[in-house]
1. Which pairs, out of Lys208/Lys238; Lys149/Lys238; Lys103/Lys236, put more than 28 Å between their alpha-carbon atoms?
2. Could you calculate the FRET efficiency of Lys170 with Glu202 from 1/(1 + (r/R0)^6), where r is the beta carbon distance between them and R0 is 35 Å, rounded to 0.05?
3. Compute the Cα gyration tensor for the stretch 121-266, then decide on rounded, prolate or oblate, letting a ≥ b ≥ c be the square roots of its eigenvalues: rounded whenever a/c is under 1.5, prolate when a/b is larger than b/c in the other cases, and oblate in all that remain.
4. Assuming 0.36 nm per residue, please report the length gained on full extension of the stretch Met145 to Ser70 beyond their Cα-Cα distance.
5. Could you work out how far apart the two model spin labels at Lys103 and Ala211 are, taking each label as a point 7 Å from the Cα in the direction of the beta carbon, and quote it in nm?
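Here, each number is a calculation from the coordinates, and none is a lab measurement. What you see is a predicted model; the values in this text were computed from it and never measured. Here Cβ is always computed from backbone atoms with ideal geometry, including for glycine, and neighbour counts include all displayed protein chains.
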Amino acid sequence: MVFIGIIRKVLFFCVLAAAIPFPALAQDSGPASESLVTLPAAPVGGTGENRYTYEDISMEAFARLYWALSRLDIASDINIDNYMMITQCDIYKDYSSNEFEWKTVRASARSDIEKNRRTFPIRYQFMQPLRLGEYSIDTGRFEVMDKYKINGTRRFEVVASQDRDAICGKTGPIIGYPRGIMLELSRPFTLKSFPVDPGVAEEYVSKKLEAFRKLKSALQTEYYLYELRDAYIVMKIKAFSSQGQVRTSDGKWLAHILGVLEGYEIYADEDRKVLLYQENLVQRKRHSQLEREKLLKEQYERQKTNQVEEPANIPEPSQVPAEVEGKTP
């Protein structure tokens, strides 16, 4: 009867979907940066216009990501045990103290990881707040306040919401499973301003102004006027490699993960009900390839008619300017 109970719980483990809380975030322009500024974060959900599904950040999500990127040794018992502790706390508590029962659970868990890790998610999304400055009627763009601008940043510190919480009764570091990642993008990301439809912008400004006018008169200053103009950027990334660990200035060890930014969305609210702007960079890359193929075709046609003696300098997709900034679709 004990064995049946174990198998029932292991089967449950195989189909259980991860609960997804949300991270705290910091950004870093690269190895030369002196410090990271941790920013608050909030929950997000959904996938927007992108055809891929992006998971939210949690310790369970990190645990699966580490296996998906072949970061951990499948032969290590501690790696299997800690994975179960993170993702299946009830099973871990019920059986880990009995080495005979746990041997069966561990074997089932190892088999499940080996079988399914190639299907574990590698696409994730995380959100950080912005503050918006003035809206330019001439250009149709909102300026991002200086403190919140993203200036050619490649490295983002993303920490699970359970960073300081006990995981199945375990506090502190968990062997093999850092509670945060240092995400290094393939290209620097810049966000200083972005376009918004004038009608949407006017409604946004009006609503934020309503909240401003409810403040005490002593607080109705320029600082609070723009401090109340909150917005939220949701960044969607695909991880493709693990590069060991890095240590932050405060002594925290993070998994060093390489990834690519596939898109981002900017909302007027934490609940993601009012979309201000979005950009699908996966689509942009596809268009870049199509443009290149079109140029090659046009060049070939000109060469056939002797209009061009030498081939034109047609950039490869990798030569598309690295800076990503909101542009009018």
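1. Numbers: Lys208/Lys238 34 Å; Lys149/Lys238 22 Å; Lys103/Lys236 39 Å.
From Lys208/Lys238; Lys149/Lys238; Lys103/Lys236, over 28 Å: Lys208/Lys238; Lys103/Lys236.
2. Working: r = 51 Å, r/R0 = 1.46.
Efficiency at R0 = 35 Å is approximately 0.10.
3. Prolate, because a/c is 1.5 or more and a/b exceeds b/c.
4. 23.0 nm
5. Here the modelled spin labels are 5.9 nm apart.
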